[in-house]
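S.K.: Please read through the structure below; I'll follow up with questions.
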Amino acid sequence: MARFFARRFGTMLLALLFISTFTFFGMKVIPGGPFDSEKQLPPAIQKNIEEKYGLNDPLFKQYTDYLSGVVKGDLGPSFKYPNRTVNDIIKESFPVSAALGGVSILLAVAVGLTLGVLAALKQNQWQDYLAVIIATLGFSVPSFVLAALLQYVFAYKLGWVLPAMWGTWQQAILPSISLAALPTATITRLMRSNMLEVLQEDYIRTARAKGLKNRVIIYRHAIRNALMPVVTYLGPMVASIFTGSFVVESIFAIPGLGRYFVNSVFNRDYTLIMGLTIFYSIFLMTMNLLVDLSYAVIDPRVKITGKKE
Amino acid sequence: MPEHLLEVNNLRVSFFTHAGEVQAVRGTTFAIGTGEAVALVGESGCGKSVTAQTIMRLIPDPPGRIVGGEILFAGQDLAKTPETVMEKIRGNQIGMIFQDPMTSLNPTMTIGRQLTEGIMKHQGLPRGEAMKRAVEMLALVGIPQPDRRVKQYPHEFSGGMRQRVMIAIALACEPRLLIADEPTTALDVTIQAQIIELMKELKERTNTSIILITHDLGVVAGLCSRVLVMYAGQIVESGTVEEVFYRPKHPYTYSLLRAVPRLDARTKERLVSIPGQPPDLLNPPKGCSFAPRCEFAMRICRERPPEDRTVKDGHLVKCWLTEPGAPHVSLKGVR
Amino acid sequence: MSMLTPEMFELVGPDQKEAEIIARPTTTYWQDVWRRLKSNKVAMGSLIFIGLLLIMAIIGPYLNEYSYSDQVLELKNTPPGSEYWFGSDTLGRDLFTRVWMGARMSLAVGFTIAFIVLVIGILYGGIAGLVGGWVDEIMMRIIEILSGVPFVLYVILLMVIMNDFFQLKGSSFTTILFAMSIIYWIPMARLVRGQILSLKEQDYVLAAQTLGASPMRILLKHVIPNIMGPILVYLTLTIPEAIFTEAWLSFLGLGVSAPFASWGTLASDGAKALRSYPWQLFFPALFISITILAFNLFGDGLRDALDPRTRK
C-alpha cells in the first residue's frame, strides 16, 4: 500500500514537474509571451508580472521561482484581467464547473448503467437495439455539435429554456446532457459487453444451481462483477467531462473553469493558460488516484502493491 | 431395486443453432435409486453434461430445449415444472458441482455469503444462523479453520479447497440428489482422490444419491456402484461397475476401457485410442451412432439403430452384436 | 420393420470415410477475417461510406462552379436550394464546396495522425517490449509521466505555443498534426508493448526459440502477424478520434486559418450563426458525426472479424 502510494505520488509529481516546465519554457519562447518584457501591457499587470516572476532575474531563477509558486499553490497573476490572480479565478469558477461536472457524471453513470444492463438482459430485443443506437450516437456526435443542437431546438425553437445563462437548475439540463453524452455511451457499451460476458460465467450457473431467482442472480452476482471494469473508466470519464466542459461552457456561457480556459486560449492570457493547465492536471491526476484506490476497495482480488502488473 | 429417486425416460434435448438442430441428447433413459451413486461416462461432447444440466433445468433456452421425454424426480416431472417451482428444487432437493472450481465461484463475494445465500433462501434461516450452518458445512467438507475461511474470497483458496467449497454449497441444504459434473477433471491427481473420498464419505453419511459425470473411468469405481456409458446422446450400455468394466458388451465401452492407462499393465499391452470422431449431431447417422468407428460394425449397424437389450439382470446394451444371429466377438473387460 | 437376414450381420468394420471427418478446405487467417468482415453488413456499409467520402473529398469541390474561397457578399446566408446546395455562409461562400474542402482537411488529419501514431507507437512500444529490462522500465516511466496529464491539455498548449511562436493567425495543417501526434502515439505504444510481452510468453514463440529461430525471424513470422489485428483496430479507431479532436480544437478557435476550412472550423462558424442560419452548422456537424460513426462501426466490425471470440 505504502509502496503503491509512493510510486503514484512520485509519478504525479514528475508529471507535474514536466507539465510545469513544459508550460514555462513553452510560454517563454513565444514572442510577446508573458515573460517578454518588451510587450506592451497595462502597467498594473506589467508590474504584477514583473513582481511575481522577477523578469529581470536570470532565466533559471525565474523558473525556480515559478515552480516554488506552483508548489505553494500560487499560480500567479492573470495576464489579461488586472488585479486578479489565477487563484481568484479558479476559486470563483471551479465550483461552477464542479457542479456541472458532478451532475453530468451522475447522469452518465445512472443512464449508462441502466441502459447497459437492460441491453444485456434483453439481448437482441428492442431495448438492446435502442441502447446500442443511443450508445453509438453518443459516441459519434461531438459534444459541441450536440450542445449546439440542443440549444437550437430547446432554447431557440421551443423556447423552453434560456439559451445561455447560469444560476437555476433548469439551466444545467442542456449542458449536462451535452457533457454526459459521450461517457453515457461509453458506459453503456462497457456495461453491456461486460454483462453479456459475466452472464456466461460459471459462477452465474452456480448461482442458478443454488435455486436463486433470476432477479437476485442479476443484481447480486452479475451486475457487481460487470461493474468492475466500469470503475476503471471513471478516471478517463472525469477527464473527458472536464475537458469537454471547455466547449460546452462556452456554448452555454457558463462562468466555469472551462470557459475561462477557452477565453484564456482565445485571449492568449498566457499566465492563466499555464495556471489552469497545472490546476487541471493536479485535479485530474488526483481523481485518477482516487479511482484506482476505490477499485482496490471494491474488487477483493486487487491487492495494492508497488509492483507493476 | 430400491424405489427410484430419479427416473429419466426417453429424454431428448436439442440445441437450435443457425446451422440447424443439434440433437445433443437423443432418447436417454435411466433411473437412480435413493442413496445410489451412478457414474455417467463418455467422451467429451457425448451429452453427459447436457443431460445433467437438463435435469437441473440449467440449459439456456434459447438455444437449448427439451424436445421430448420426462425427468421424474420424486414423482414430479421436472421437464414440465415451471421455473418458479424449479427454483425451490435447485440447490434444495438437487445440488450440483461443476467441473472448474476456479471459475465456478463468484470472485467478488465471500465464501460465507455464497454458502449462505442458498441456505437462507431454502431453509428460511436468518443470516446469523445461516452463517453458523455455513461454518459447519465447511468443517464437514474438511476445510481447516472454517470460521475464519468463511470471511475470505475464492482467490484465497486453492483449487481443491474451492471444489470442497462447491461441494459444501451443493450439499448445504441436504439435497436428495447430488449431480457432480466432472468434479475432479480440473484438479491435481492427488486432490482428485481426496475429493472422491470426501464425496463417498458424505454419501454414506447423508444417504444422498449421486450422479457422477466423468470421462475418467478411474474415479468411477471409487464412488459408484453403477455405470452408464453415453455415446452421441444415448446411453449405449449400463450396468453395475463390475459388469460393465469386467464384461463390457458394447464395442464402445470396450474401446473406452482399452484407452485407459493402467499402472499394472502387462508388458506389451498397448493403449488403444478410438479412431475417428463422434458423429455430427446435426445429422446423426441413421443406424448405430458408433458404427462408423466400430471395428465390429456389421451391415445392419449402418442401417438400423439397435434397441436396448438386457444381457444380464440390470446390464443393458444397445448393440446389434447382442442379437442372437450376430457373430461372436471377444470383448475382454479390464482386470 | 424388415426381416433381419443373416447377411445383415456380416462384419464390415469401421467406415474410414465417415469416421474421419474430412478437413475443411484450409483458409488463411486473413482470408477468414475478410470473409467474416464481408458478412458484417454494418461494417461493410461503413466501409462503403468511407470510400464514398474519400471520393467526394477529392471530386466534391469541383462539382459546381463555386470555389471554396469566393465570397459573394450579396448572396450571404442563402438557405440550401438550387443556387447553393448546402446554402452559403456569412461571407457568401458556397457551403457545398466548403464542406468537401473541409472533408479533405479532416480526413487528411485523421489518416496522417493514424499513420504517425502507427510509426511512433510501433517503434516505441516495440523497442520497450522487445528489449525489456531497464530500457523498458525507463520508457514506460516516461509514458506514465506523460499520460498523467490529459492529452487535450498538451495538444492545446502545444497549439498555442506553436501558433504564437510561428505567429500564425490560425493554425497550419503541420502544427495541428504536430501537436496531436506528439501525444496520441502513447496508447498505441502501450498496446504494442503489451502485445509483445504477452506474445513472448506464448508457447509457440517459446517453441520457435527452442527450434533455434533467430530473433528477427520470430519478430517477423510470429510477433508482427499476431499483433497486426489489435493494431489495425486501434488505428481504425484513431482516425475518428483525430477527426473529432481536430474539430474540437477548431471549435476552440485553434483550427486552420481562413480561407481554408476543416469540418471543425465550419461547425465553429456555423455555431456562431446557429440562431438564424442553422444549416451552416447542420451540414458540417452531420458529416463529422456520420464519419466518426462510420469509422467506429467499421472498427467494431474489424475487431469482431479479427477475433470472433469477442463477438457478442
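S.K.: Please go through (1) at pLDDT 85 or above; (2) within 13 Å of chain B (Cβ to nearest Cβ) for A:ILE187 and return the number of the only condition it doesn't satisfy.
M.R.: (2)
S.K.: To continue, here is another question. Within the range A:199-309, considering only helices (runs of 4 or more DSSP H) that don't extend past its boundaries, which have at least 2 residues that are in contact (Cβ under 8 Å) with a residue 24 or more places away in the chain and farther than 30 Å from B:ILE179 by Cα? Let's see the steps before the verdict.
M.R.: Working: elements: A:202-209, A:224-251, A:257-267, A:270-298.
Correct list: A:224-251, A:257-267, A:270-298.
S.K.: OK, next. So which residues in the range B:296-333 are more than 14 Å from chain C (Cβ to nearest Cβ) and either farther than 17 Å from B:LEU257 by Cβ or buried (at least 18 other Cβ atoms within 10 Å of the Cβ) (or both)?
M.R.: The initial filter retains those residues of the range B:296-333 that are more than 14 Å from chain C (Cβ to nearest Cβ), namely B:308, B:310-318, B:332-333.
Those that are more than 14 Å from chain C (Cβ to nearest Cβ) and either farther than 17 Å from B:LEU257 by Cβ or buried (at least 18 other Cβ atoms within 10 Å of the Cβ) (or both): B:ASP308, B:THR310, B:LYS312, B:ASP313, B:GLY314, B:HIS315, B:LEU316, B:VAL317, B:LYS318.
S.K.: Among the residues in the range C:148-170, are any in a helix (DSSP H, G or I), within 13 Å of chain A (Cβ to nearest Cβ) and touching a Pro at 6+ places or on another chain (Cβ under 8 Å)? Quick ask: steps written out before the conclusion?
M.R.: Let us first name the residues in the range C:148-170 that are in a helix (DSSP H, G or I), namely C:151-165.
If we keep only those that are within 13 Å of chain A (Cβ to nearest Cβ) as well, we get C:151-165.
From what's left, touching a Pro at 6+ places or on another chain (Cβ under 8 Å): C:164-165.
The answer is yes, given that some residue of the range C:148-170 is in a helix (DSSP H, G or I), within 13 Å of chain A (Cβ to nearest Cβ) and touching a Pro at 6+ places or on another chain (Cβ under 8 Å).
S.K.: Considering only the range C:131-190, state which residues are of a type in the set (Asp, Glu) and touching a helix residue (DSSP H, G or I) at 6+ places or on another chain (Cβ under 6 Å). Can you show your working first?
M.R.: Narrowing the range C:131-190 to residues of a type in the set (Asp, Glu): C:136-137, C:144, C:164.
Once the filter is applied, which keeps residues that are of a type in the set (Asp, Glu) and touching a helix residue (DSSP H, G or I) at 6+ places or on another chain (Cβ under 6 Å), the range C:131-190 yields C:ASP136, C:GLU144.
S.K.: Next up: Quickly run through the range B:247-284 and pick out the residues that are more than 14 Å from chain C (Cβ to nearest Cβ) and at pLDDT 75 or above.
M.R.: Of the residues in the range B:247-284, the ones more than 14 Å from chain C (Cβ to nearest Cβ) are B:247-250, B:253, B:256-271.
Selection gives B:ARG247, B:PRO248, B:LYS249, B:HIS250, B:THR253, B:LEU256, B:LEU257, B:ARG258, B:ALA259.
S.K.: Another question, if that's okay. Which of the residues belonging to the range C:21-52 are at pLDDT below 75 and out of contact with any helix residue (DSSP H, G or I) (no Cβ under 9 Å at 6 or more places or on another chain)?
M.R.: Of the residues in the range C:21-52, the ones at pLDDT below 75 are C:21-29.
Selection gives C:ILE21, C:ILE22, C:ALA23, C:ARG24, C:PRO25, C:THR26, C:THR28.
S.K.: From the list A:GLN127, A:GLN62, A:GLN151, pick out the single residue that is away from chain C (no Cβ under 14 Å), of a type in the set (S, T, N, Q), in a helix (DSSP H, G or I) and touching a residue at least 12 places away in the same chain (Cβ under 8 Å).
M.R.: On the way: A:GLN127 fails: touching a residue at least 12 places away in the same chain (Cβ under 8 Å); A:GLN151 fails: away from chain C (no Cβ under 14 Å).
So the residue among A:GLN127, A:GLN62, A:GLN151 that is away from chain C (no Cβ under 14 Å), of a type in the set (S, T, N, Q), in a helix (DSSP H, G or I) and touching a residue at least 12 places away in the same chain (Cβ under 8 Å) is A:GLN62.
S.K.: Just give me the residues in the range C:149-208 being farther than 20 Å from C:MET105 by Cβ, under 18 Å from the mean Cα position of the chain (by Cα) and not basic (Lys, Arg), in sequence order.
M.R.: Selection gives C:PHE151, C:ILE183, C:TRP185, C:ILE186, C:PRO187, C:MET188, C:ALA189, C:LEU191, C:VAL192.
S.K.: Oh, and also: Kindly list the number of the only condition in (1) within 27 Å of A:GLY235 (Cβ to Cβ); (2) under 22 Å from the mean Cα position of the chain (by Cα) that fails for A:ALA148.
M.R.: (1)
S.K.: Restricting to the range C:148-190, count the residues that are among the β-branched types (Val, Ile, Thr) and over 21 Å from A:PHE261 (Cβ atoms).
M.R.: Start the filter on the range C:148-190 by keeping residues that are among the β-branched types (Val, Ile, Thr), which leaves C:149, C:152, C:155-156, C:160-161, C:174-176, C:182-183, C:186.
Retained after the next criterion (residues that are over 21 Å from A:PHE261 (Cβ atoms)): C:174, C:186.
Of the residues in that region, 2 qualify.
S.K.: Further question on the same structure: Look at the range B:147-170 and say how many of its residues are surrounded by fewer than 20 Cβ atoms within 10 Å (Cβ to Cβ) and within 20 Å of B:LEU125 (Cα to Cα).
M.R.: 2
S.K.: Filter the range B:285-295 for residues that are at the interface with chain C (Cβ under 8 Å from one of its Cβ atoms) and either under 22 Å from the mean Cα position of the chain (by Cα) or within 17 Å of B:HIS250 (Cα to Cα) (or both) and give the result.
M.R.: Step one: list which residues in the range B:285-295 are at the interface with chain C (Cβ under 8 Å from one of its Cβ atoms), which gives B:285, B:291-295.
Of everything in the range B:285-295, those that are at the interface with chain C (Cβ under 8 Å from one of its Cβ atoms) and either under 22 Å from the mean Cα position of the chain (by Cα) or within 17 Å of B:HIS250 (Cα to Cα) (or both) turn out to be B:ALA291, B:PRO292, B:ARG293, B:CYS294, B:GLU295.
S.K.: Determine, yes or no, whether B:GLY91 is at pLDDT below 90, under 19 Å from the mean Cα position of the chain (by Cα), at positive phi and not basic (Lys, Arg).
M.R.: In short, yes.
S.K.: Here is a follow-up. Exactly one of (1) in contact with a Phe, Trp or Tyr (Cβ under 7 Å, 6 or more places away or on another chain); (2) on the phi > 0 side of the Ramachandran plot is unmet by A:ASN124. Its number?
M.R.: (1)
S.K.: Out of A:SER104, A:SER140, I need the residue that is surrounded by 15 or more Cβ atoms within 10 Å (Cβ to Cβ), away from chain C (no Cβ under 14 Å) and either over 21 Å from the mean Cα position of the chain (by Cα) or of a type in the set (Ser, Thr, Tyr) (or both). Which one?
M.R.: On the way: A:SER140 fails: away from chain C (no Cβ under 14 Å).
The conditions single out A:SER104.
S.K.: Which pairs do you get when a residue that is more than 14 Å from B:TYR231 (Cα to Cα), found in the range B:265-285, comes within reach of a residue that is at pLDDT 80 or above and acidic (Asp, Glu), reach meaning Cβ atoms under 8 angstrom, with the pair 6+ apart or on two chains?
M.R.: Every condition considered, the pairs that remain are B:LEU282/B:GLU21.
S.K.: Only one residue in B:ALA31, B:ALA52 is touching an Asp or Glu at 6+ places or on another chain (Cβ under 6 Å) and assigned to a helix (DSSP H, G or I), so which one is that? Before the answer, list the steps.
M.R.: Details: B:ALA31 fails: assigned to a helix (DSSP H, G or I).
Going through B:ALA31, B:ALA52 in turn, the sole match is B:ALA52.
S.K.: Which residues, counting only those in the range C:273-286, are in contact with a helix residue (DSSP H, G or I) (Cβ under 6 Å, 6 or more places away or on another chain), more than 9 Å from every other protein chain (Cβ to nearest Cβ) and part of a helix (DSSP H, G or I)?
M.R.: Correct list: C:GLN280, C:PHE283.
S.K.: Find the helices (runs of 4 or more DSSP H) located wholly in the range C:171-263 whose residues include 2 or more that are surrounded by fewer than 19 Cβ atoms within 10 Å (Cβ to Cβ), away from chain A (no Cβ under 14 Å) and in contact (Cβ under 8 Å) with a residue 60 or more places away in the chain, and list them.
M.R.: Values: elements: C:173-201, C:203-210, C:224-251.
Passing ranges, in order: C:173-201, C:224-251.
S.K.: Cβ-Cβ distance below 9 Å, separation of 6 or more or different chains: which pairs start in the range A:9-30 with a residue that is without any contact (Cβ under 8 Å) to a residue 12 or more places away in the chain and end on one that is of a type in the set (Lys, Arg) and in a helix (DSSP H, G or I)?
M.R.: A:THR11/C:ARG141; A:LEU14/C:ARG141
S.K.: Mind counting the residues in the range B:91-119 that are surrounded by fewer than 24 Cβ atoms within 10 Å (Cβ to Cβ), facing chain A (nearest Cβ under 8 Å) and within 20 Å of B:LEU6 (Cβ to Cβ)?
M.R.: So the count comes out to 1.
S.K.: Filter the range A:93-114 down to the residues that are without any contact (Cβ under 8 Å) to a residue 60 or more places away in the chain and more than 14 Å from A:PHE242 (Cα to Cα) and list them by number. It would help to see each step written out before you state the result.
M.R.: We begin by selecting, within the range A:93-114, every residue without any contact (Cβ under 8 Å) to a residue 60 or more places away in the chain; these are A:95, A:98, A:102, A:106, A:110, A:114.
Result: A:ALA110, A:THR114.
S.K.: Consider B:ARG133 carefully, then state whether it is touching a residue at least 24 places away in the same chain (Cβ under 8 Å), touching a helix residue (DSSP H, G or I) at 6+ places or on another chain (Cβ under 9 Å), under 24 Å from B:THR185 (Cα atoms) and of a type outside the set (A, V, I, L, M, F, W, C).
M.R.: On the way: touching a residue at least 24 places away in the same chain (Cβ under 8 Å): yes; touching a helix residue (DSSP H, G or I) at 6+ places or on another chain (Cβ under 9 Å): yes; under 24 Å from B:THR185 (Cα atoms): no; of a type outside the set (A, V, I, L, M, F, W, C): yes.
Spelling it out, it is not the case that B:ARG133 is touching a residue at least 24 places away in the same chain (Cβ under 8 Å), touching a helix residue (DSSP H, G or I) at 6+ places or on another chain (Cβ under 9 Å), under 24 Å from B:THR185 (Cα atoms) and of a type outside the set (A, V, I, L, M, F, W, C).
S.K.: Kindly evaluate B:VAL85 against the criterion of being in contact (Cβ under 8 Å) with a residue 24 or more places away in the chain, not basic (Lys, Arg) and not in a loop (DSSP other than H, G, I, E, B).
M.R.: no
The values are calculated or read from the model by the stated rules, or taken from the named source; none is laboratory data. This one's a predicted model, so the numbers in the text were calculated from it and none came from an experiment. So basically every Cβ, Gly included, is an ideal-geometry build from the backbone, and we count neighbours across all protein chains shown.
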